[in-house]
Amino acid sequence: MLGDSKAYSGFSVDDPTAARRFYEDILGLRVSDEEMDGIMRLHLGGGTEVLVYAKPDHRPATFTVLNFPVPDVEQAVDELTARGVRFERYANPPTDEKGVMRAGGPLIAWFTDPAGNVFSVIAED
């Protein structure tokens with residue numbers, strides 16, 4: 001029944017203005033407003049769309065809500081760091097001084113949006 005549905009995901013933020021500024025100005029994403037106030041749509045590669053909505057009692061997810069596959073994780077980390085993004089440092093899985101996890105699997109580095117939602121840049125297949 002749902003196999004042919006064009007599904008999409010979504011997540012909340014506490015300050016949509018700050019989030020939109022981050023998504024557009026720092027990450028370089030295309031963002032559009034929805035008809036309902038406080039809801040925006042992120043337009044990602046391959047036609048993927050994600051809804052972002054304001055939620056007064058927002059609590060960031062404790063998992064990665066959005067992964068961005070990139071051809072060169074090191075370069076992406078350097079460019080985003082230069083734009084003011086701070087990459088997370090974890091003991092498990094271990095990340096290096098730049099925030100890149102190199103302990104098996106694809107290279108990946110995590111960062112948060114202004115609402116504390118976890119995103120990543122991850123090596124493309």
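The values are calculated or read from the model by the stated rules, or taken from the named source; none is laboratory data. Please read all numbers here as calculations on a predicted model, not as lab measurements. With ideal geometry, Cβ positions are generated from the backbone for all residues, glycine too; neighbour counts draw on all protein chains shown. Ligands, DNA and RNA are excluded from the accessible area calculation, which covers all protein heavy atoms including side chains. Shrake-Rupley method; radii C 1.70, N 1.55, O 1.52, S 1.80 Å.
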Q | From phi via Karplus (6.51, -1.76, 1.60), per-residue ³J(HN,Hα) for the range 28-36 in Hz, x at Gly/Pro | A | x, 8, 8, 10, 10, 7, 9, 5, 7
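Could you calculate the contour length gain from Ser9 to Leu44, that is, 0.36 nm times the residue separation minus the distance between their Cα atoms, to one decimal place in nm?
On the way: separation 35, 0.36 × 35 = 12.60 nm, distance 1.20 nm.
Working it through step by step, the gained length comes to 11.4 nm.
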Q | FRET efficiency estimate (nearest 0.05) - Cβ-Cβ, Leu2 to Glu34, R0 30 angstrom | A | 0.85
Q) Around Thr64, which amide H atoms from residues at least 5 apart in sequence, or from another chain, sit under 5 Å from its own amide H, with H modelled in the peptide plane? A) none
Q) Using modelled backbone amide H atoms (1.01 Å from N, in-plane), which distant-in-sequence or interchain residues come within less than 5 Å of Leu29's amide H? A) Glu24
Q: For Asp125 and Arg102, compute 0.36 nm times the residue count separating them, minus their Cα-Cα distance, and round to one decimal in nm.
A: 6.8 nm
**Q.** Largest-first ordering by accessible area, 1.4 Å probe, given options Tyr23, Tyr90, Tyr8
**A.** Tyr8, Tyr90, Tyr23
Q | Under Karplus coefficients 6.51, -1.76 and 1.60, residue-wise ³J(HN,Hα) of the range 56-73 in Hz, glycine/proline x | A | x, 9, 3, 10, x, 5, 8, 9, 6, 8, 8, 10, 10, x, 9, x, 9, 4
**Q.** For the range 104-110, 3J(HN,Hα) per residue [Karplus equation, 6.51 cos²θ - 1.76 cosθ + 1.60, θ = phi - 60°, Hz, x = Gly/Pro]
**A.** x, x, x, 4, 8, 9, 9
Q: Roll a 1.4 Å probe over the protein chains and send me the accessible area per residue for the range 1-124 in Å².
A: 60
Q: Give me Rg over Rh for the range 12-125, both radii from the alpha carbons and Rh done the Kirkwood way, two decimal places.
A: 0.97
Q) Can you give the extra length, in nm with one decimal, that the chain gains between Tyr90 and Ile26 once fully stretched, where that is 0.36 nm per residue apart less the Cα-Cα distance? A) 20.8 nm
Q) Where nothing but the Cβ of Lys and Arg (+1) and of Asp and Glu (-1) is charged, how large is the charge dipole of the chain around its Cα centre, in debye to the nearest 20? A) 240
Q: Tally up the carbon and sulfur contribution to the accessible surface of the chain as a whole percent, 1.4 Å probe, everything protein left in place.
A: 51
Q | Separation in nanometres of the label points that stand 7 Å from Cα toward Cβ, at Asn67 and Ala18 | A | 2.8
